[in-house]
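Quick notes on the structure that follows.
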Amino acid sequence: ENVALGILIIAGLAVTLFSLSEKLPTRFFNTASFMIAVVLIGYSSYAALVIRSAADTPMDQNSPDNVFSLKYYLNREQYGDRPLLYGQMYSAPVELEIKDNMCIPVENIGHAQYSPEPKTDDNQPDRYIVTGYKNSYKFMPEFCTIFPRMYSGDERHKQAYKEWGQVTGKKIRYDYCGRKKVDVCPTFGENLRFFFSYQCNFMYWRYFLWNFAGRQNDLQSYGELTKGNWLSGIPFIDNARLGDQSKLPDELKNNKGHNVYYMLPLLLGIIGIIFQLCRKQAGMENFTLTFMLFVLTGIAIVVYLNQTPYQPRERDYAYAGSFYAFCIWIGLGVMAIAEFISRLAKTDNKALKSGIAIAATVVCLGVPALMAEQNWDDHDRSDRYACRDFGANYLQSCEANGIIFSNGDNDTFPLWYNQEVEGVGTDLRVCNLSYVQTDWYISQMKRPYYESEALPITWQPKDYISGTNEVVWVDERISEPITVKQAFDFIRSESPSTKRDGENFLPSSKLYIPVDSLEVAQSGLFSSTKEQLADRLNVNVGRRKTKSEMMVLEILSSNHWKRPVYFAVTVGNDYYQGLEPYFELTGLAYQVTPFRSKDGQPRVNTEKMYDNMMNHFRYGNMNKEGIYIDENLMRMCRTHRMMFAQLADALYREGQNEKALEVLDRCEKELPNYNIPYDYTSTTMALLYFDLGEREKAIDILTAVADNNIQYLSWGASLSKTYQSAVKQTLNQNMAMLGYILQQLDHYKEDELFEKYYTEYATFSTALSLR
């Protein structure tokens, strides 16, 4: 149907152009043919995706090697849909209908989803089958509206909607499958308030002013006073909005992302707009074109994206086209100034006019020069190798031929880079847990790449094809524990007795992976350990299992201890599935072992971890003074610092005091305070220094953390009562941290420091009414 429609449209255009050929000038056809050629050339670039995918490259996102997967890839369907012109509010209940005396949700049946039919024989012809439909729930019409902006049912989003939209709502009484219910729905006015305050102001105009007024710092913001606001550098403007900026803590004042332009680029752009509008009809026509470019690449994208609160990163890059359009007006602003001076001079002398134009240009060059000066330090990446080195550190944490589960961007892409470009860890398999929910990625994991063997996944494509076993719920049919293999054989069975209403289910919530002592011994992976072998690995099942969670268990179960398996330390606890007692920390990864810890917490393999962190890890030049460290990189640096602290603590508990001290000192050398300021996690290092007899080093850390807390509390005391209320959680955290430091100073008999900080503690506790 789509192909036929495309042919009809092309034919219609051809007929129209032919019928008008005598009336239209030749240049029109030249322009039209040129436009069509550019479009064809542009879209032909997508052919590279299909060609690359057909080559079965190690990383082939979405596997767009056929027309349907290419379509899903280009439509970005993995990111879900959002209502645009009409849809539900966040409190909308799903509409129900009665079938067989049951209330079931009403679904809107969407278009069919196709995938290649799994083959059982290589000689089978290629066929596509329907694997499901792109369905969506139908919501109660009383809770739907035109132009819905507050639509997400996520609890965090709901709370943010209420804050940004100042929602009081309206009560709606409705019949819900025979029950009378009352719920609160935001009004359309509150819906628009969220649109203007969050989506337009916070998620567009804030970014716009970053570029043409200035920026407070480079910290990810969710609306806080101290993070990521626009800033002009003009105190009476900034202080009225954000509190006295001169009283911010040093770590915020000294942030390299603090860039101020005194609104000069903005002023030039406004002058350019006025200049263009004053050029009569031609100026208005040109303004209209520039304004359309500005709006369609700015506010129009805001409307289309319909973003929810708590975006995982700042989205300023989405509106770069709009900022480019405004730069046109900045350029015209320079022309306007030159013309204004010429008129004041009242001269027709061309040489003088040229001189005035040159002078105006030179003077106005001070604006981009100011911007370059302000932006240089937070755009300078010279001598910074943290992405490469930290990615390699994950790989160095693993034994040869290992498997490491990752999850986020920062613990996945640097690893792929190291394998693909640097040739590091090519015998290892990086398995991303966000992707292993998809059929295309599971199929890729079943293939060898680089020097890494295929992952031990016994499931066949029919078992994990899109739409199959996405989420499997527990129906407690078996009271005794069963193995993961038995549970998965049950799920994959074709027998009707293993289905519930035609759907697969887990027959028990008690799963385990048996430990065969002979397999463990043959693996040779744990020959040096003195731990007692467990007879099984107990798994936390809960009420359901997602496909990605099941793939983790499938790999662990089918591996039979032949390959070492790891979780990156930055993977969330939800993916551990209760296996933490069997974890052993080796660096930036937890190895899954057949030994259960006595306290149910991960152990530290001090021998391996010491060797990795002291002899094999690299730290990206993070000890070079003045190097730029942004928020994400700072987080990774602090993760490394935490690993140093855990290793030192484990060594100290084992009585290896000299090694523990070496580890702490190495941390101080590679991740120094002048680049990576101490925070609350650093207090562990301070206490270890105390226990190891290094009092001065311990005091340096505790005083740095305490002074930082006091700076925050002092800043909070300078705010108005309204602003204090807005940042009370932050101030409470700093007060709690200061209280904890006081406890440690008291414990280690540091009376003089205790008295000093206790006075500060008492003062701010009273002044800010903090607990």
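We did not get these values from a lab; they are worked out from the coordinates using the rules stated. These numbers were taken from a predicted model, which means no experiment stands behind them. Positions of Cβ are backbone-derived with ideal geometry, glycine not excepted, and every protein chain shown enters the neighbour counts.
Give the average over all directions of the projected area of the C-alpha convex hull of region 460-560, one decimal, in nm².
For region 460-560, averaging the hull's shadow over all directions gives 7.4 nm².
Here the Kirkwood formula puts the hydrodynamic radius of region 533-587 at 12.3 Å, using every distinct Cα pair. What whole-number distance in Å separates the alpha-carbon centres of region 655-682 and region 249-293? Using only Cα atoms to place each centre, the spacing works out to 47 Å. Shape summary: region 644-771 maps onto an equivalent ellipsoid whose semi-axes, from the alpha-carbon gyration tensor, are 31, 15, 11 Å in decreasing order. The distance linking region 592-632 with region 127-155 is 44 Å (Cα centroid to Cα centroid, whole angstrom). The eigenvalues of the Cα gyration tensor, multiplied by 5 and square-rooted, give region 411-491 an equivalent ellipsoid with semi-axes of 31, 13, 12 Å from largest to smallest. For Lys171, the lysines whose Cα comes closer than 20 Å to its Cα, not counting residues fewer than 8 places off in the same chain, are Lys158, Lys162, Lys180, Lys181.
Values of log10 I(q)/I(0) for region 620-663 across q = 0.23 Å⁻¹ run -0.77, by the Debye formula with one identical scatterer at each alpha carbon and no solvent. One equal scatterer on each Cα of the chain, no solvent, Debye formula: the resulting log10 I(q)/I(0) at q = 0.05, 0.08 Å⁻¹ is -0.36, -0.95. Size of region 299-397 from its Cα atoms: along the principal axes, largest to smallest, the extents are 74, 39, 16 Å. Once backbone amide H atoms are built at 1.01 Å from N, Arg536 has Val515 as its partners under 5 Å, excluding neighbours fewer than 5 places away on the same chain.
Its alpha carbons considered, region 350-490 gives a radius of gyration followed by a Dmax of 27.1, 96 Å. Summary of the geometry: region 413-479 and region 737-771, compared by the centres of their Cα atoms, lie 51 Å apart.
Using the alpha carbons of region 139-271, what is the convex hull volume per residue in cubic angstrom, as a whole number? Mind dumping the intermediate values first?
Values: hull volume 17.9 nm³, N = 133.
Expressed per residue, the convex hull around the Cα atoms of region 139-271 is 134 Å³.
Dividing the alpha-carbon radius of gyration of region 501-654 by 2.2 N^0.38 Å (N being the number of residues), what value is obtained? Walk me through the intermediate numbers first.
Values: Rg = 18.1 Å, N = 154, 2.2 N^0.38 = 14.9 Å.
Compared with the compact-globule rule of thumb, region 501-654 sits at 1.22.
If the reach is capped at under 16 angstrom between alpha carbons, list the lysines near Lys134, excluding any in the same chain fewer than eight residues apart. Result set, ordered by chain and number: Lys71.
Placing a pseudo-label 7 Å from each Cα along the Cα-to-Cβ vector at Val295 and Ser382 gives an inter-label distance of 4.5 nm. Compute log10 of I(q)/I(0) for region 591-684 with the Debye formula, placing one identical point scatterer on every Cα and leaving out solvent, at q = 0.10, 0.14, 0.21 Å⁻¹, to two decimals. Result of the Debye calculation: -0.29, -0.55, -1.09.
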